[in-house]
Every structure is written in C-alpha cells, then in structure tokens.
Amino acid sequence: MTETTKPLLAALRGGHPDRTPIWLMRQAGRYLPEYRALRARANGFLDLCYTPDFATEVTLQPLRRFDLDAAILFSDILVVPHGLGQKVWFVEGEGPKLEPLTGTAALDALDLSAMAEKLKPVYETAARVKAALPAGKALIGFAGAPWTVATYMLEGGSSRDFLKAKRWAYGDPDGFQRLIDLLVDATVQHLEAQIAAGAEAVQIFDSWAGALDEDAFERWTVAPIRAIASRIRANHPDVPITGFPNRAGTLYESFALHAGVDAVSVDPTWTVETIARRLRPHVAVQGNLDPGRLVAGGPDMIRRVRAICDRLAPMGGFVFNLGHGVLPSTNPDHVAQVVEAVRAADADRV
C-alpha cells in the first residue's frame with residue numbers, strides 16, 4: 001500500500017477509502033498497562049516525551065493492540081512553550097504547571113531561535129516511528145493552537161474561567177496579538193519539523209476554543225489557525241491539516257468555512273445529522289464518539305458507533321474518532337470493540 005492510498009490520508013482529503021479509517025485521540029496513554037509500566041521508568045512526563053526510546057515505544061503501543069489506521073506522535077502541546085524557554089513541569093495527579101507570563105515584557109524572554117534544538121528529541125521520535133510503522137498506517141503530527149497554548153502560558157496551567165488570558169486578550173488585544181503571532185511562528189516551525197521527520201498529516205488542537213465569544217473566536221482561534229494552515233500548505237501541499245475547535249458549538253461551521261483546514265475534528269455535542277449537513281459539505285470530518293461511552297462500553301456504545309459510521313462513512317471524507325481523548329479509566333477491551341464495530345459497519349455496507 002502506498003502513502004497515497006493509506007485510508008487515513010485518503011479520507012482527510014475528502015476521498016472514499018476502502019475502509020473507514022479509525023484512530024483515537026490520546027490513544028497512547030494511561031488506560032494501557034504497557035504505557036503505565038513504561039511511564040514508571042521515566043523521570044517524569046517531560047522525560048517520557050523527550051526520550052526517543054520511550055516516546056517511540058509509547059506511540060507504537062496502541063497499534064500493536066488494535067487495528068488502527070494511524071499513530072499520533074506521543075508528545076504534548078506544552079513542549080512549544082517549554083521549547084521557547086518558559087518553565088514547564090508536570091505534577092502527578094494535577095497536570096501541567098507553568099511559570100506564568102505576566103505581560104508583554106515577559107515575551108522578550110521567549111526565544112524562538114532556540115526551540116528547534118530543544119525539541120530535536122521530539123523530531124527524532126517522529127522519524128523513528130515513521131520507520132517502524134506497518135504498511136498502510138499513517139503518522140500524525142500535532143500541536144496546540146495558539147489560543148489554547150497561550151491560556152496555559154498565562155494561567156500557569158489549566159483554568160476554568162481563563163480570566164488572565166481573557167483580561168489580556170480583551171483589554172490589550174494588540175499586546176496579546178504579539179503572543180499569538182509568536183505562537184503562530186512557533187507552531188508552524190514545530191509542525192514543519194514533524195513533517196520533515198515523517199509526519200504525513202497534522203492536527204491542531206484548540207482545546208479551549210469553546211471559551212471564546214464570537215468575535216474573539218474569529219480573532220484568536222480562526223485567524224491564527226488559518227495563518228498556520230496557509231503557511232504549512234504553501235510548503236507541504238500534500239499534508240492534510242485537521243483542526244479541532246473543541247466545544248465551539250455553533251461556531252464550528254464558521255471554523256469549517258474559514259480556518260483553512262482540510263478536516264475538522266468534532267466534539268460529542270454535535271449530532272451526526274448536523275455534522276453531515278453543515279460540516280461535511282465544506283471539509284472532511286472526524287469524530288465524534290463521547291469518550292464516556294468508551295468507558296462504559298456495552299451495547300449502547302456499539303449502537304452509537306454504528307450510528308456515526310452509517311451516516312457519515314458513505315459520504316466519504318470521514319475518519320472515526322472520539323469527540324475528545326481516551327480517558328484513563330477506559331478498559332482496553334472497549335477500544336477493541338469499537339474498532340471491531342467500525343470494521344463490521346464497513347462489511348455491512350459492501
């Protein structure tokens with residue numbers, strides 16, 4: 001099977017591959033016992049990301065268990081601020097922590113020119129994974145969107161209200177634009193380095209897009225992602241680009257029309273029929289099983305998988321996925337059952 005006939009790549013370009021491609025956001029992670037065993041050997045989460053032996057193994061683990069159509073590079077969206085020089089660390093049970101930026105003066109300490117060297121282990125991992133992938137499987141690179149990464153850089157970690165980021169974005173939009181512009185440049189550099197190392201498709205995760213109102217969504221989510229997509233496409237026209245404006249609600253359609261991406265990953269709040277009518281005519285679509293159904297398993301999970309596949313797969317340009325990442329409490333057997341259900345849906349349509 002050639003790269004041009006890999007099911008994932010064909011679907012992201014709007015085509016009708018021989019089978020419905022499936023991969024899962026956060027498919028490599030704590031729900032897998034082999035991941036937990038390897039994680040225990042690493043000296044913290046960033047060490048896991050920056051050690052190619054570890055990160056390569058983690059990336060490939062799900063493909064050994066499940067008949068998935070792609071590997072997604074094991075890394076984290078916060079390697080970009082870390083590569084720029086911001087202090088980043090992870091606390092077990094709490095998640096990421098950052099030394100918060102406190103204003104435009106703090107931007108002067110960030111150094112884009114040093115990022116490529118700091119993130120070389122990430123790109124080495126991508127090259128190793130690409131070399132080890134089975135035939136027909138694609139490698140996905142990824143990055144966080146500028147708005148989402150900026151919230152972490154300003155809030156110092158996760159947030160419920162994003163008030164530090166919003167206070168700057170709404171109160172001093174020109175100053176905030178400096179940070180977004182830097183992150184656009186950094187994201188392009190990061191994604192292009194992954195492509196050079198072997199990534200065949202890329203995904204941009206805007207995990208906190210749903211926190212923005214209509215005007216802010218256009219300026220801080222759509223416009224930066226459009227800039228990133230335009231620059232990547234100019235240099236790598238054959239690499240499909242997926243955007244994920246998580247929880248963007250009714251703004252999803254505007255994103256599909258104006259963000260310049262080839263595909264949109266859809267969260268669980270969208271009905272399958274609405275995806276088919278309002279998104280699929282404009283872009284390829286990916287999604288959107290609720291990760292909670294994957295935790296629960298059972299007949300209802302299978303019925304939901306079939307409902308998604310039966311409506312969207314015949315349209316082409318469809319990748320089965322979750323509406324967000326695999327949760328740590330997921331039983332791996334449920335993942336296997338979802339893959340089997342997707343394959344069974346394909347067989348029933350033949």
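The values are calculated or read from the model by the stated rules, or taken from the named source; none is laboratory data. Quick caveat, the model's predicted, so the values are computed rather than measured. Reconstructed Cβ throughout: ideal geometry from the backbone, glycine too, with neighbour counts over all protein chains shown. In case anyone asks, the SASA skips ligands and DNA or RNA and just uses the protein heavy atoms, side chains included. Shrake-Rupley method; radii C 1.70, N 1.55, O 1.52, S 1.80 Å.
If we scan region 6-18, do we find a residue that is among the small types (Gly, Ala, Ser), free of Cβ contacts under 8 Å to residues at least 12 places away in the same chain, farther than 30 Å from residue 115 by Cα and open to solvent by 20 Å² or more (accessible area, probe 1.4 Å)?
Residues of region 6-18 among the small types (Gly, Ala, Ser): 10-11, 14-15.
Those left that are additionally free of Cβ contacts under 8 Å to residues at least 12 places away in the same chain: 10.
Next, only the ones that are farther than 30 Å from residue 115 by Cα stay: 10.
Among the residues that remain, those that are also open to solvent by 20 Å² or more (accessible area, probe 1.4 Å) are: 10.
Yes, the conditions are met somewhere in region 6-18.
Of all residues being among the aliphatic types (A, V, I, L, M), more than 16 Å from the chain's Cα centre (by Cα) and open to solvent by less than 20 Å² (accessible area, probe 1.4 Å) in region 69-100, which is nearest to residue 197 (Cα to Cα)? Just the residue, please. Give the derivation first.
Start the filter on region 69-100 by keeping residues that are among the aliphatic types (A, V, I, L, M), which leaves 70-73, 77-80, 84, 88, 91, 98.
Now drop any that are not more than 16 Å from the chain's Cα centre (by Cα), which leaves 84, 88, 91, 98.
Filter once more, keeping what is open to solvent by less than 20 Å² (accessible area, probe 1.4 Å): 84, 88, 98.
Values: 84: 20, 88: 25, 98: 28 Å.
Across region 69-100, the extreme among qualifying residues is 84.
Filter region 185-212 down to residues that are assigned to a helix (DSSP H, G or I), open to solvent by 10 Å² or more (accessible area, probe 1.4 Å) and either farther than 25 Å from residue 137 by Cβ or free of Cβ contacts under 8 Å to residues at least 60 places away in the same chain (or both), then give me how many there are. Working first, answer last.
Filtering region 185-212 down to residues assigned to a helix (DSSP H, G or I) leaves 185-197, 209-211.
From the residues that got through so far, the ones that are open to solvent by 10 Å² or more (accessible area, probe 1.4 Å) too are 185, 189, 192-193, 195-197, 210-211.
If we keep only those that are either farther than 25 Å from residue 137 by Cβ or free of Cβ contacts under 8 Å to residues at least 60 places away in the same chain (or both) too, we end up with 185, 189, 192, 195, 210-211.
Final tally of qualifying residues: 6.
If you take the residues in region 153-174 that are in contact with a Gly (Cβ under 8 Å, 6 or more places away or on another chain) and either open to solvent by less than 10 Å² (accessible area, probe 1.4 Å) or aromatic (Phe, Trp, Tyr) (or both), which one is nearest to residue 216 (Cα to Cα)?
Selected residue: 168.
Write out, first by first residue and then by second, each pair whose Cβ atoms fall under 9 Å of each other, whose residues are 6+ apart or on separate chains, and whose first residue, in region 233-256, is under 16 Å from residue 205 (Cα atoms) and aliphatic (A, V, I, L, M) while the second is open to solvent by 50 Å² or more (accessible area, probe 1.4 Å) and in a helix (DSSP H, G or I).
Matching pairs, first to second residue: 241/233; 251/214; 251/218; 256/278.
Just a yes or no: is a residue in region 322-335 assigned to a helix (DSSP H, G or I) and touching a helix residue (DSSP H, G or I) at 6+ places or on another chain (Cβ under 6 Å)? I'd like the intermediate steps shown before the answer.
If we filter region 322-335 for residues that are assigned to a helix (DSSP H, G or I), which is where we start, we get 332-335.
Checking the rest, the ones that are also touching a helix residue (DSSP H, G or I) at 6+ places or on another chain (Cβ under 6 Å) come to 334.
Yes: one or more hits.
With 305, 264, 319, 285 as the choices, which residue is modelled with pLDDT of 95 or more, part of a helix (DSSP H, G or I) and surrounded by 15 or more Cβ atoms within 10 Å (Cβ to Cβ)? Don't jump to the end; show me each part of the working.
Working: 264 fails: part of a helix (DSSP H, G or I); 319 fails: part of a helix (DSSP H, G or I); 285 fails: part of a helix (DSSP H, G or I).
On inspection, the qualifying residue turns out to be 305.
Taking only pairs six or more apart or across chains, which ones have beta-carbon atoms under 6 Å, a first residue in region 278-305 that is over 23 Å from residue 7 (Cβ atoms), and a second residue that is open to solvent by 80 Å² or more (accessible area, probe 1.4 Å)?
295/329
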